[in-house]
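Visitor: Here's a structure for you.
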Ligand SMILES: [Ca+2]
Ligand SMILES: [Ca+2]
Ligand SMILES: [Ca+2]
């Protein structure tokens, strides 16, 4: 399940305000306080490593029907969006997975070394529902 790095710190709606995640197997918890809340998390990726990031309900590693409906994006400050996902995780939670020999998201695999950002927001098409979430990140 990785190391708990605590709750988000608002404001975190831009790359400059991003909350840091330190390490290669970590998670933080956040709240989408409104349908325009946007939460950025900063990660450092070593050369050639891949990223797996998944949202869930805050107390567990999965989402159930009726739990938060997230959107998740992997971004850089220079390029912007690299890859985004709505519902590849459990229920309406999100999954970006660049790990493994045949990754679901090749754009998140074998990355150049650098600073990347994970952005968590509401699925714009989703109904309002429980807004608390956790975001799990593995870099390997
Ligand atoms: Ca938030
Ligand atoms: Ca925010
Ligand atoms: Ca979703």
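Visitor: Under the 0.36 nm per residue contour assumption, what length would be gained going from the current alpha-carbon distance of residue 78 and residue 132 to full extension?
Guide: On the way: separation 54, 0.36 × 54 = 19.44 nm, distance 2.91 nm.
In short, 16.5 nm is gained.
Visitor: Over region 46-104, what portion of Cα pair distances is larger than 20 Å, expressed as a whole percent?
Guide: Details: 526 of 1711 pairs.
Result for the distance tail: 31 percent.
Visitor: To make sure I understand, if each residue's beta carbon is the centre and we count other beta carbons within 10 Å, what order do 82, 36 fall in, fewest to most? Walk me through the intermediate numbers first.
Guide: Details: 82 18, 36 10.
Starting with the residue having the fewest Cβ neighbours, the order is 36, 82.
Visitor: Percent of Cα-Cα pairs per 10 Å bin, from 0 to the last occupied bin, for the chain, please list those.
Guide: Answer for the chain: a P(r) of 13, 49, 33, 5 percent.
Visitor: Is region 63-140 best put as rounded, prolate or oblate by its Cα gyration tensor, with a ≥ b ≥ c the root eigenvalues, rounded for a/c under 1.5, and otherwise prolate when a/b is larger than b/c, oblate when not? Don't skip to the answer; put the middle values down first.
Guide: Details: a/c = 2.35, a/b = 1.67, b/c = 1.41.
Here region 63-140 falls in the prolate category.
Each value in this text was obtained by applying a stated rule to the coordinates, not by laboratory testing. Note that the structure is predicted; figures quoted are calculated from it, not measured. Glycine also receives a Cβ, built like all others from the backbone with ideal geometry; neighbour counts cover every protein chain displayed.
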